[in-house]
1. With B:94, B:56 as the choices, which residue is more than 8 Å from chain C (Cβ to nearest Cβ), touching a residue at least 24 places away in the same chain (Cβ under 8 Å), in a helix (DSSP H, G or I) and small (Gly, Ala, Ser)?
2. If I ask for residues that are more than 8 Å from chain C (Cβ to nearest Cβ), under 19 Å from residue C:78 (Cα atoms) and either among the β-branched types (Val, Ile, Thr) or without any contact (Cβ under 8 Å) to a residue 24 or more places away in the chain (or both), which ones from region B:26-53 would you list?
3. Given (1) within 11 Å of chain C (Cβ to nearest Cβ); (2) outside any helix (DSSP H, G or I); (3) buried (at least 22 other Cβ atoms within 10 Å of the Cβ), identify the lone condition not met by residue A:222.
4. Of the numbered conditions (1) within 11 Å of chain B (Cβ to nearest Cβ); (2) surrounded by fewer than 18 Cβ atoms within 10 Å (Cβ to Cβ); (3) in a helix (DSSP H, G or I), residue C:74 satisfies every one except a single condition; which is it?
5. Which residues, taken from region B:59-85, are facing chain C (nearest Cβ under 9 Å), in a helix (DSSP H, G or I) and free of Cβ contacts under 8 Å to residues at least 40 places away in the same chain?
6. Name every residue in region C:114-130 that is in a helix (DSSP H, G or I) and either under 30 Å from residue A:145 (Cα atoms) or at the interface with chain B (Cβ under 7 Å from one of its Cβ atoms) (or both), in order of residue number.
7. Scan region B:1-20 and give yes if some residue there is at pLDDT below 85 and within 7 Å of chain C (Cβ to nearest Cβ), otherwise no.
8. Just checking, how many residues over region A:84-128 are part of a loop (DSSP other than H, G, I, E, B) and among the hydrophobic types (A, V, I, L, M, F, W, C)?
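The values are calculated or read from the model by the stated rules, or taken from the named source; none is laboratory data. None of these values were measured; they are calculated from a predicted model. Glycine gets a Cβ as well: all are built from the backbone with ideal geometry, and neighbour counts include every protein chain shown.
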Amino acid sequence: MAEKDVVFRVKRYRPESGAKPTYQEYRFTYREDMVVLDGLNYIKDHIDPSLTFRWSCRMGICGSCGANVNGQPRLTCGTYIRDVHKGRITVDPLSNFPILKDLVVDFDDFLNKLVSVNPYIIREDWGDLTKEYTQYPEDVEAYRQQSLCINCMLCYAACPVFGASPEFVGPAASALALRYIRDTRDEGADVRLARLNTKEGIWECTFVGECSVVCPKNVDPAAAIQTLKFLATTRHMRRLLMPKVIPR
Amino acid sequence: MGGFITAFLFPITLFLLFFTAPFGLWPRDIAAYRTFTTLWQGPLVRLFFFVLIGGSLFHGTHRLKFMLVDAGLKGPGIQAVLDIILNAIAIFGSLGALYYALRGWLFF
Amino acid sequence: MAAHEYHSKRSAGWWLRNPRYLMFQLREAGGVITALYGLILLNMLQQLSNGESAYTAFLSLMRTPPVLYVNVILFALVVWHAITWFMLIGKAQPIQFTERPLPWKLVFGINLLLWIGVSGAVVYLIFGGF
């Protein structure tokens, strides 16, 4: 296999040092079948063991390895070096998140947002727990797309609204909310819509659409948010007209 | 709603009023005083312009608010001021459009 | 020194870094410009009620070359706003009659046809025909 050189320009940040982040360049020979993650691991194994980054499954399902590659939020395990090779590949931590160290970002806020949409089946009456809830293929199809999210946070890195307003609930959390709202076993639509029908909920979104562009799993969170806007509005209308029926 | 009005009705209206005559794209000068005052007699035309102006003002000020917030004009105090100013423009502009639409058609 | 996180500030030119961000900003700008034209149309109605000379002065101003060319650019942004609006409809509010929502390109196409139809109706019903 043909071998060529590539330069990785990686953002470094040492939290103990107090200094601002800087770039460090690493030159090495890469193979055509290497992805950016392979490159980072090569650097760590052979050049600079201090380089710190997250990764796990290296096959695009765990969502750990998100980073900005040449300015674009990508999964480093899903980005071939040959595809983004412009002589030099710049690797930054995911945008819009505080940097803990090198390419590792703090995503506590993201996890809190996931929790805030009650990402579990909510029911008044659980009935007989020894029997399964019947769900037909078309029922599953209704929420399948949103269920594919791997929580990689590329959508948050891509969203300029989240970049300006960190309180925005964001694409992934919204898609997750829709996943449960559309689940026929769930009865918690009102609870979730109440939380989302706020200024820092879905209404912060101006439909830039970049979240859906970068999503590696085609969850289409942009469409999910617009659907939630529609659902929240109709719920609001129903509540205005029939206040006793819909709870606060 | 304002978005629909703007998207469907604005392009053709602006085209006919401001661009056909200077570039010779239409047999008549629709915006010329004689022509337009004749058109303006029709209540449908008056309603049309009222809807157009009202819709575009509300839609546009809404978009402007988001652009400004996006550019950094944030914070509860600033938000409130922004809301008041932009809504005032939209409301008073719409009332103005209503006034001119009714003027000469109703008793005043 | 205690370890602490680094918070970077978003640069003011963030929307230049990506063609889709630029398209978004142009779309939004087009939206704001419709409000500007709303005010211009309002002014036009005001001049109309002020009489022939006031109205004709307004119209002449709009047709003077510098103002006219600025108008052409603003008009292009308004048209871009309309086109992206039609693209968004298909994506934003899925219209569903069968198992799958209609593909957004189909909805976009339908909206374009509707646009032509509505524009034609405006020409005949409002502006007195061709």
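1. Answer to the selection: B:94.
2. The one that is more than 8 Å from chain C (Cβ to nearest Cβ), under 19 Å from residue C:78 (Cα atoms) and either among the β-branched types (Val, Ile, Thr) or without any contact (Cβ under 8 Å) to a residue 24 or more places away in the chain (or both): B:51.
3. It fails just one condition, (2).
4. Unmet for residue C:74, out of (1) within 11 Å of chain B (Cβ to nearest Cβ); (2) surrounded by fewer than 18 Cβ atoms within 10 Å (Cβ to Cβ); (3) in a helix (DSSP H, G or I): (2).
5. Of everything in region B:59-85, those that are facing chain C (nearest Cβ under 9 Å), in a helix (DSSP H, G or I) and free of Cβ contacts under 8 Å to residues at least 40 places away in the same chain turn out to be B:61, B:63, B:64, B:66, B:67, B:70.
6. C:115, C:118, C:119, C:122, C:123, C:125
7. Looking through region B:1-20, at least one residue is at pLDDT below 85 and within 7 Å of chain C (Cβ to nearest Cβ).
8. Total meeting the criteria: 8.
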